[in-house]
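**Student:** First the structure, then my questions, so here it is.
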Amino acid sequence: MPDQAFVPLPAIADHYEDDVLQLRYMPGRSARLVIAITGVGHNMGAEQTEEFVASASANGENHVLFVIDRKRSWFTQPGVIERTCAETQTLMAKIGCEAVSTLGNSMGGYGAILLGKYLPVSACVAFAPQYSMNRLIVFERRWRKHRPNIRRAPVWGLNAALSERTRYLIVYGDDPQDLKHQRKFRTADNLTMAVLPGGGHSPAARLKELGQLQAVLTCGLAGDSDTFWQIMDMCSIPDDHISPRRSALFMARSVLRDFRDGGRQC
């Protein structure tokens with residue numbers, strides 16, 4: 001299923017802004033609101049921008065609320081979660097929202113899962129989310145520039161944020177640091193987890209290259225795990241797309257993980 005052709009989208013308007021949080025809104029036709037949460041971006045000093053604009057909108061079908069944590073704090077700055085939830089609930093009432101979904105990559109994926117603890121989220125799609133920014137739980141040296149802005153998180157790890165009312169689709173690439181986080185998640189009937197070879201830290205970008213990002217998002221929002229696995233089974237990767245060392249590392253970890261818990265990989 002290739003991504004849908006581009007069509008003009010509704011304009012994005014400012015909804016709320018302070019020194020920590022920025023919310024922008026794009027109207028849609030249906031009663032579904034997708035909360036698309038931005039990651040850290042590529043440059044520390046650069047302004048973050050909206051992510052998954054066309055994909056979240058589904059060609060103007062969904063209302064979309066874009067959420068930007070301007071301090072790159074993984075939603076730990078005082079009051080940022082409360083303000084996000086309050087503004088979201090106000091918007092839900094205004095548009096007559098009947099279903100809420102969350103979507104994000106990396107820090108945005110973390111936020112997409114975390115917000116389900118506080119909002120009535122029916123579906124969550126997260127790409128390469130951190131499980132915890134506490135180095136006692138997952139030790140890694142990335143994100144050092146951002147750690148001065150990170151405060152105590154409301155949960156030690158995202159297992160504590162998982163809700164029975166939400167369907168989760170979590171997709172990782174084969175970045176070794178990301179796989180440290182992937183292995184921390186518990187198994188659950190409402191959680192589908194996959195690893196995309198060649199995805200690195202950007203599995204969403206890799207899926208877009210393959211023309212499958214919109215299809216994966218559609219499956220995640222609809223809870224269609226059967227079609228999702230069919231899409232993942234079609235995933236292929238050229239021999240020269242990743243280094244032999246990374247490929248060997250991924251394969252070794254995949255075998256061990258499959259042996260341990262019967263997990264499925266594409």
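**Student:** Quick one: which strands (runs of 3 or more DSSP E) sit completely within region 9-92 and have at least 3 residues that are of a type in the set (D, E, K, R) and surrounded by 22 or more Cβ atoms within 10 Å (Cβ to Cβ)?
**Tutor:** Details: elements: 13-17, 21-26, 32-37, 63-69.
Filter on region 9-92 gives an empty set.
**Student:** For region 172-192, give me the residue count where each residue is in a helix (DSSP H, G or I) and surrounded by fewer than 18 Cβ atoms within 10 Å (Cβ to Cβ).
**Tutor:** Step one: list which residues in region 172-192 are in a helix (DSSP H, G or I), which gives 176-182.
Right, trim to surrounded by fewer than 18 Cβ atoms within 10 Å (Cβ to Cβ) and you get 176-177, 180.
Adding up the residues that qualify gives 3.
**Student:** Next up: Name the pairs: first residue in region 200-223 and within 16 Å of residue 121 (Cα to Cα) and surrounded by fewer than 21 Cβ atoms within 10 Å (Cβ to Cβ), second residue among the hydrophobic types (A, V, I, L, M, F, W, C) and modelled with pLDDT of 95 or more, Cβ to Cβ under 8 Å, at least 6 apart or on different chains?
**Tutor:** From residues that are within 16 Å of residue 121 (Cα to Cα) and surrounded by fewer than 21 Cβ atoms within 10 Å (Cβ to Cβ), the pairs are 222/123; 223/123.
**Student:** Tell me which residues, restricted to region 73-132, are β-branched (Val, Ile, Thr) and within 20 Å of the chain's Cα centre (by Cα).
**Tutor:** Pass one, region 73-132, residues β-branched (Val, Ile, Thr): 76, 80-81, 84, 88, 90, 95, 100, 102, 113, 121, 125.
Passing the criteria: 76, 80, 81, 84, 88, 100, 102, 113, 121, 125.
**Student:** Among the helices (runs of 4 or more DSSP H) confined wholly to region 202-266, which include 3 or more residues that are at pLDDT below 50 and under 29 Å from residue 41 (Cα atoms)? Walk me through how you get there before you give the answer.
**Tutor:** Working: elements: 203-209, 213-222, 225-233, 244-261.
Filter on region 202-266 gives 244-261.
**Student:** Report, by residue number, each residue of region 93-110 that is of a type in the set (Gly, Ala, Ser), surrounded by fewer than 17 Cβ atoms within 10 Å (Cβ to Cβ) and assigned to a loop (DSSP other than H, G, I, E, B). Give the derivation first.
**Tutor:** Filtering region 93-110 down to residues of a type in the set (Gly, Ala, Ser) leaves 93, 96, 99, 101, 104, 106, 108-109.
From what's left, surrounded by fewer than 17 Cβ atoms within 10 Å (Cβ to Cβ): 93, 96, 99.
Within region 93-110, just 96 meets the criteria.
**Student:** Determine whether residue 124 is in contact with a strand residue (DSSP E or B) (Cβ under 9 Å, 6 or more places away or on another chain), of a type outside the set (S, T, N, Q), buried (at least 23 other Cβ atoms within 10 Å of the Cβ) and not in a helix (DSSP H, G or I). Steps first, answer last, please.
**Tutor:** On the way: in contact with a strand residue (DSSP E or B) (Cβ under 9 Å, 6 or more places away or on another chain): yes; of a type outside the set (S, T, N, Q): yes; buried (at least 23 other Cβ atoms within 10 Å of the Cβ): yes; not in a helix (DSSP H, G or I): yes.
Considered against the rule, which asks whether it is in contact with a strand residue (DSSP E or B) (Cβ under 9 Å, 6 or more places away or on another chain), of a type outside the set (S, T, N, Q), buried (at least 23 other Cβ atoms within 10 Å of the Cβ) and not in a helix (DSSP H, G or I), residue 124 comes out as yes.
**Student:** Filter region 132-171 for residues that are basic (Lys, Arg), buried (at least 17 other Cβ atoms within 10 Å of the Cβ) and either in contact with a His (Cβ under 8 Å, 6 or more places away or on another chain) or part of a helix (DSSP H, G or I) (or both) and give the result.
**Tutor:** Initially, region 132-171 is screened for residues basic (Lys, Arg), giving 135, 141-142, 144-145, 147, 151-152, 165, 167.
Narrowing further to those that are buried (at least 17 other Cβ atoms within 10 Å of the Cβ): 167.
Within region 132-171, none qualify.
The values are calculated or read from the model by the stated rules, or taken from the named source; none is laboratory data. For clarity, every value in this text was computed on a predicted model and none was experimentally measured. In this analysis, Cβ positions are derived from the backbone assuming ideal geometry, glycine residues included, and neighbour counts consider all displayed protein chains.
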